[in-house]
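Here's the structure, in structure tokens; my notes come after.
Just so you know, all these numbers are worked out from the coordinates, no wet-lab data involved. From a predicted model like this one, the values you see are computed outputs, not experimental measurements. Don't worry about glycine lacking a Cβ; one is built from the backbone with ideal geometry, like all the others, and counts go over all protein chains shown.
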Ligand code: SF4
Ligand code: SF4
């Protein structure tokens with residue numbers, strides 16, 4: 001009963017001008033036939049085109065028919081029953097009804113809900129320091145460290161950046177400021193200046209601002225913690241896994257490992273009751289065993305874990321290989337199956353981002369907000385679209401003094417990327433990481449094929465989690 005009501009819910013939502021999405025359960029025999037005819041997709045999971053915009057995703061003993069255009073899931077027999085008023089014979093004569101269903105699906109497909117875009121960034125990254133006390137194997141800031149920009153952001157640039165952000169935020173709206181680098185805590189003075197001004201201005205304007213610090217976790221003391229606690233700042237600490245892995249990848253300038261310092265910081269935060277921190281692991285060649293990383297983190301009692309594939313191009317030693325990517329995809333495949341079986345309420349961010357899109361019926365036209373909702377300011381006041389492209393003059397989008405010019409970053413929606421137009425995952429993926437594309441192909445419209453495999457593994461997992469939730473959550 002619950003799942004039938006879910007189907008009704010979906011129909012209500014999809015009848016709105018902004019509604020999207022469908023996935024339909026096939027029986028095992030149908031799914032096996034489709035997969036046999038289409039051949040394997042070559043991905044970690046069985047994904048095969050069925051017809052038109054419908055794809056079969058086979059997971060263990062079940063198969064989900066995913067409708068690319070409409071981006072959600074419901075059981076075939078249920079939706080047919082609702083659409084055709086024929087609950088008893090919903091399975092029989094499926095072909096004819098599927099044709100009618102496809103027509104309806106197609107007619108609804110072009111009115112999808114899309115994330116609104118105000119035209120002004122609401123998420124500002126302040127690269128406060130191009131200096132860093134570490135020299136990590138895969139550092140995306142290495143470009144910043146060699147250009148001729150100043151090493152630290154000064155007070156005037158900090159103030160101008162905060163004002164720039166706030167001028168586009170209307171009363172009642174939210175924004176975020178992320179302090180990054182290099183190592184932002186080497187420029188604590190700038191953090192204090194930014195938070196002080198933003199606090200005052202947010203009260204005046206009636207907006208809310210969330211603050212984050214992305215740190216390597218080697219700098220922490222009581223004064224810093226007091227400030228962080230007083231202003232409700234979130235911290236993300238880079239931790240790559242067990243000591244031998246972390247110390248190999250994240251070293252100080254003298255070559256020594258930094259695991260002990262990071263562990264000390266985490267212990268200090270926990271002992272002082274600071275709940276708002278997450279850890280981020282960079283997944284790269286030499287650190288691609290996600291089971292090992294997550295086991296280690298969970299053993300340490302760390303819950304908020306972000307696994308981020310390294311941004312690296314061909315020829316770079318840290319770039320994930322085909323073999324690494326297969327392992328990573330197998331991990332997501334297994335993890336999603338376990339989450340389906342356990343019915344876990346809390347999902348890792350790797351899946352929750354897509355499950356949320358499915359739940360909202362949100363058609364995603366861009367992979368992230370780079371260059372639109374998200375803007376980076378570097379020391380010297382230059383604008384960049386994303387932290388991984390900061391410091392590369394090819395992607396500079398203007399300056400605080402001259403204003404924002406993002407013409408070179410327009411026309412990057414998923415519909416404007418030739419390979420993405422044919423991809424079953426496009427409306428949940430949004431076209432891949434442009435920073436990774438820049439590194440791999442040099443063309444922002446041409447995504448990295450290895451990254452695509454990882455994205456598709458996560459999305460296939462998220463579709464199965466979403467579908468199971470719809471079937472089981474009482475309504
Ligand atoms: S980036 Fe890759 S996975 Fe994403 S839509 Fe494009 S082709 Fe598909
Ligand atoms: S372009 Fe890539 S690295 Fe940059 S913000 Fe987007 S997803 Fe992140």
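The translational diffusion coefficient of the range 123-384, from Stokes-Einstein at 25 °C and 0.890 mPa s with a Kirkwood hydrodynamic radius over alpha carbon pairs, comes to 124 µm²/s. Of the beta bridges DSSP finds with both residues in the range 123-384, what % are antiparallel, to the nearest 5? The answer is about 20 percent antiparallel.
If I take every Cα pair under 8 Å that is 6 or more residues apart in the range 123-384, average their sequence separation and divide by the length, what percent do I get for the relative contact order?
On the way: 383 pairs, mean separation 58.5, N = 262.
The value is 22 percent.
Ranked by the mean number of other Cβ atoms within 10 Å per residue, highest first, peptides 265-273, 363-371 order as 363-371, 265-273.
Could you please state, rounded to a whole Å, how far the C-alpha centre of the range 187-240 is from the C-alpha centre of the range 267-311? Each part's Cα centre sits 21 Å from the other's. Packing around the peptides 446-456, 274-284, taken as the average count of other Cβ atoms within 10 Å per residue, puts them in this order, highest first: 446-456, 274-284.
Among 374, 54, which comes first, then next, by fewest other beta-carbon atoms within 10 Å? The partial results should precede the final answer.
Details: 374 19, 54 23.
Listing 374, 54 from fewest to most nearby Cβ atoms yields 374, 54.
Across the range 230-366, the relative contact order, built from alpha-carbon pairs under 8 Å that are at least six residues apart, equals 21 percent.
Which order do the peptides 396-409, 458-471, 325-338 take when ranked by the mean count of other beta-carbon atoms within 10 Å per residue, highest first? Numbers along the way, then the final one.
Numbers: 396-409: 14.3, 458-471: 24.9, 325-338: 19.4.
Averaged packing, sorted descending, gives the order 458-471, 325-338, 396-409.
When a/c is below 1.5 the answer is rounded, else prolate if a/b is larger than b/c, else oblate, so apply that to the range 371-475 with a ≥ b ≥ c taken from the square roots of the Cα gyration tensor eigenvalues. It comes out prolate by the Cα gyration axes. Exposure proxy ranking for 227, 179, 259, based on other Cβ atoms within 10 angstrom of each Cβ and starting from the fewest, stands as 227, 259, 179.
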